[in-house]
1. Identify the trypsin sites (Lys or Arg not before Pro) of the range A:221-250 meeting these criteria: DSSP loop state and at most 16 other C-beta atoms within 10 Å of the C-beta.
2. Over the range B:15-77, what number does the Rg to Rh ratio reach, with both radii from the alpha-carbon atoms and Rh per Kirkwood?
3. In µm²/s, what is D for the range B:363-416 at 4 °C and 1.567 mPa s, where D = kT/(6 pi eta Rh) by Stokes-Einstein and Rh is the Kirkwood radius from Cα pairs?
4. Would you mind checking the pairs A:Lys44/A:Lys195; A:Lys210/B:Lys157; B:Lys420/B:Lys505 and listing those with alpha carbons more than 21 angstrom apart?
5. What's the Cα-based Rg to Rh of the range B:326-514, Rh via Kirkwood?
6. Hey, what did chain A get for relative contact order, percent, Cα under 8 Å, at least 6 apart?
7. Enumerate the calculated ³J(HN,Hα) couplings along the range A:52-64 in order (Karplus 6.51 cos²θ - 1.76 cosθ + 1.60, θ = phi - 60°), each rounded to whole Hz, writing x wherever the residue is Gly or Pro.
8. A:Lys274 label point, 7 Å along Cα→Cβ, cut-off 16 Å on backbone N: hits in the range A:232-247?
Amino acid sequence: MYTRRKFLTKLKTFFEGTFFTFLLFPALAESSEEKNDYDLVALKGGRGPDELFRNGINYLGGMKRFVKKGQSVLIKPNMGWDRSPEYGANTNPVLIEAIIRECFNAGASSVYVMDHTCDSWKSCYKNSRIEEYSVRAGAKVVPANSTDYYVKTPIPRGRLLKEALVHKLYMQSDVIINVPVLKHHSSTGITASMKNLMGVVWDRSEWHRKDLHQCIADFATLRRPNLSILDGWRVMVRNGPRGYSKSDVVNYQYLFISTDLVALDSAGAAVLAKEGAGFRTAEDVRYIKIAKQYGLGRTDLDQLKIKRISI
Amino acid sequence: MVSAVTFIALLTFIFFDIYNLIPAPAVRYIVLTQFIPSFLDFFTSLSPAFYFFILIIILTLITGRAYCSFMCPLGIFQDIVIRVSSSLRKGKSFAFGRAYNFIRYGILSATAAVLIFTGTFFLLWFDPFSIYGRFAFYIVSPVIIKINNFIAVTMIKFNQYTLQAVEIKPVSTVPVIITLIIILLIVISAIFKGRLYCNTVCPVGALLGIISKISFLKITLNKDTCVNCGKCERVCKSSCIYFKEGTVDFTRCVLCFNCLAVCPNSSTGFSTAFPVKVKKDNFNQKSTAAGASFVSPVISRKNFLSGMVFLPAVVTLPSGKEQKLYFQDAAKQVQYKRKVFASPPGSVGIDEFNSRCTACSLCISRCPSTVLRPAVFQYGIYGMLQPFLDFSSGYCNYDCIICGQVCPTGAISKTDIAEKHLIRTGKSVFIKENCITYTNNTVCGACSEHCPTKAVHMIPFKKGLVIPEVDNSLCTGCGACEHVCPVRPFRAIYVDGIRKHDKAKLPVKKEDIKVETKKKAVRKEDFPF
């Protein structure tokens, strides 16, 4: 029965909703003002990477610029290792959850999360806690442990890597959001945005066998992620990419957002260079240099329009 | 009947639980309801566990070999086979046969002697749970996984990801064939001779048979009311009723109660060995300590259909999917001959492991990284079918202790993660001449990437290149480096097992790096660019 009490309760929620919408409206209006022409947004501090992300994405035009109504989204975190979040080996699950929620707010029809892990996939999905946080936010966590999920894809611009088995979702999703974590890497020096894409191919050892740097750059030519978000909240500065103990991790509290993979990697390289990762500038890392030559992005950070925010 | 179906369902399910619905410690307790596992666990681990085999012995002292019909998965499996075959061939019947006591007690005493002096070598081949476990894992689970994968792959086509396609664990051909032969022999003997295996070969059956000689309740024939129809003898799976003489060889009786069901005037009874009769109705309500309830011995249609699950168990052997693309010239490579194949961490050493493991393959089925595989001759003849660490199919996860958690016999002892980090099962050997960095002058470093302790680390090589170096004091022998090394046909890094596990050093933790946080104002120096 539709009682008076029920009607009043509904009326109350309705007014509350309107009130809060108007309360938030100034902020929304502000975010749309000429804010979306930054090449890279760099943030630091705050309560967590989720807060940084929600702040930063507004300076690139908000999530609505990247995710349109009804589109399917693939979020590609780094969860390659069977390690808990505080070791910094995997992307921060808090960040993943925030991104998923923003995607749904922007009208995404479905959000998928996957990674072809190094350690056994179930342990990785579970212990990185990304599965738990993603499911909570409403995303579908998709396995990548069997060739059934992969399709053979030619890489026309690849010099050494001409073909690869690529995860179905990477080729099919309307929007790709690449969410790597910034880490030291024992052989390439740095792993960040471009290296993270290695987790959507089936045969990783082929890259190692051929020429790791060249293959990383080659694969980046296949499909550029619509948005890349580099998690630098906890940065593994040595013993990467797996890390040994928590002492390998520095709590930098960074978050870099860009559509330019190469610029993001350069920003990450600038952070790691300070920690003695074995290179001085981004272009000392060969795959970044090759990617720049391919015209995939820019390494000259001083020329880019960067929004720097400290919270 | 309920208990029989529950036991076989649970004990089969744990071998293909691809979604990990039952956690590892629970799996162990499910298996510890079996006689041999709980018996071995009692002597190997000596830790507070539950000693189900004592309960089984007490149960046998009261009722006879109820275990064989209601709890043993191999026994229940044979019952299903018998039921299926007799419904296919109507009019087929069993008849009294003599007991092969020489073989039966011979195997029992040989098993006992071998167990005391060397180890589980005989149990590995004769323990009913291990035989059934291998059957469930090598033959039933691939079929189930294939069905699952078929559905999953169909669903993937429509972008549905609720079911997961799972790789079938690679098992070499020999163990599958051995298992298949053993199970076929048992199936054939079950079809023609009923519970022949249980009463001639099975050491558990023999032992419980001896105990059942003095059991309180027994199957009896009442000569006064018997009409000599002989039905009881014809339905007796154990061939232990000789109605002409009016005798029942109770050491062979597995308490299927078929004889009670067919007797036209209740001349067969289940009663105390003393002349005092227990009425048939009484024991119908009686339930035992193990929760086994003796209701009706008739297998219903539903159970019959559940038995049909096993019929399509046709194995397709996994083919070797080695990659063909090699950048290396085999002639220029150094071949490395592995000296020792490592046993799972927690097994103390290879000799100890070989003498404790019954090769039930439970750990192999639960290993999340597929590093455990059944040995053929890797351990020699004594350790056939026992799991060894095969780094070509996986590597031992640094933070995983599942094999120790599930091992029901205590062959792989339970460890916690901190203990496991210190166990060294092997040492790595780096062969520089095979390394990609050395031969191709490109970076690789996959071994060092995966090394959990950084025993394999990178040192400067030529300009802009780094090459692996091994510090074996830190190495745990997990085999990650060997597994991921992309060089073929011979890898550039190998892990050689050690016969007696020792301790690895923990890497020295460096001091924490402190970074000042919480800046309010936007400052250029917050960012390095």
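1. Working: sites: A:Arg223, A:Arg234, A:Arg238, A:Arg242, A:Lys246; in loops: A:Arg223, A:Arg238, A:Arg242.
Of the trypsin sites (Lys or Arg not before Pro), the ones in loops of the range A:221-250 whose Cβ has at most 16 other Cβ atoms within 10 Å are A:Arg223.
2. 1.02
3. Estimated diffusion coefficient is 113 µm²/s.
4. Numbers: A:Lys44/A:Lys195 23 Å; A:Lys210/B:Lys157 32 Å; B:Lys420/B:Lys505 12 Å.
Beyond 21 Å between Cα atoms: A:Lys44/A:Lys195; A:Lys210/B:Lys157.
5. Details: Rg = 17.1 Å, Rh = 17.1 Å.
Ratio of gyration radius to Kirkwood radius for the range B:326-514: 1.00.
6. Relative contact order of chain A: 21 percent.
7. Once rounded to whole Hz, the list reads 4, 5, 5, 5, x, 5, 5, 7, 10, x, x, 5, 5.
8. Of the residues in the range A:232-247, A:232-238 have backbone N under 16 Å from the label point off A:Lys274.
The values are calculated or read from the model by the stated rules, or taken from the named source; none is laboratory data. Source: prediction; values computed, not measured. A quick note on method: Cβ atoms are made from the backbone with ideal geometry, for glycine too, and the neighbour counts reach across all protein chains shown. With ligands, DNA and RNA removed, areas are computed over all heavy atoms of the protein, side chains included. Shrake-Rupley method; radii C 1.70, N 1.55, O 1.52, S 1.80 Å.
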